[in-house]
Amino acid sequence: MFKLSKNIAFTMAEVLMVIGIIGVVSALTLPNLNNKSDEQVNVAKAKKVYSDLSTSVDRVALKYGDTKRDSNTFSVANVTKYLNASMKTKGSGATYWYQSGDCANNAVALSDGSAYCVIEVPSTNYNKDIYKNIMIDVDGSKKGLNTIGADVFYATLFIPKDTTEPIELKPWKNDSNTTFTNTRKPAEKDYLHWVTLYDNEDYRECPDKLYYQNVTTCK
């Protein structure tokens, strides 16, 4: 005896419904995946630029550490020149970066697409030691969000007047020594420090939950 079989197929309405569900799920998940991927790239670039600048600062310290440490020897222009001597730059045509503000005329474009500039800090506020803030943009001003903590970060070059003390680059803004206890939250001035320690930018997602040495991720 032969049995009649009935062909089973999806209706057009069912197919469209499945496609719609897939589209909604993709719309919800893909932006998060893309943002996380961009964050990981920015973290890696920030750490690399900071490492390169730290190496350059070490060379500056070796060459100029015993010279007179005054605002002329370590002016913004001179510090930029000293750093550039051991950085892979694109040359002097980097004034397009941050056309307004502190980086209007002294920004430096690097060969990897990132950029940095040296910013003056009034020494009268810091016991006459010399401080220079360094702003880093990991992908240059023409790409990315151009947002502090996302692809823009601050570091501080500390040049003590006492020549027996080391010239150092610190991954935070405006200070040579900062205490990062387990009750301290990440702040704009020290986002680079957070990135170098914990390899994430979770302060952009759950800032109120994070603490140094304690809660270091949103997960």
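Readers should treat all values here as calculations from the given coordinates under stated rules, not as data from a laboratory. From a predicted model like this one, the values you see are computed outputs, not experimental measurements. Positions of Cβ are generated from backbone atoms using ideal geometry, with glycine treated the same way; all protein chains shown enter the neighbour counts.
Annotations for the structure displayed:
- Estimated D of region 120-201 in µm² per second, where Rh is the Kirkwood radius over Cα pairs and Stokes-Einstein applies at 4 °C, 1.567 mPa s: 94
- Each principal axis of the Cα cloud of region 39-177 was evaluated for its coordinate range; sorted largest first, these ranges are 40, 29, 26 Å.
- Compared with the direct C-alpha span, the chain from Thr183 to Ala85 gains 31.3 nm at full extension, assuming 0.36 nm per residue.
- As a calculated quantity, the FRET efficiency between Ala77 and Thr217 at R0 = 30 Å, using C-beta atoms, amounts to about 0.15.
- Between Thr163 and Asp175, the modelled label-to-label distance comes to 3.0 nm, taking each label 7 Å out from Cα in the direction of the beta carbon.
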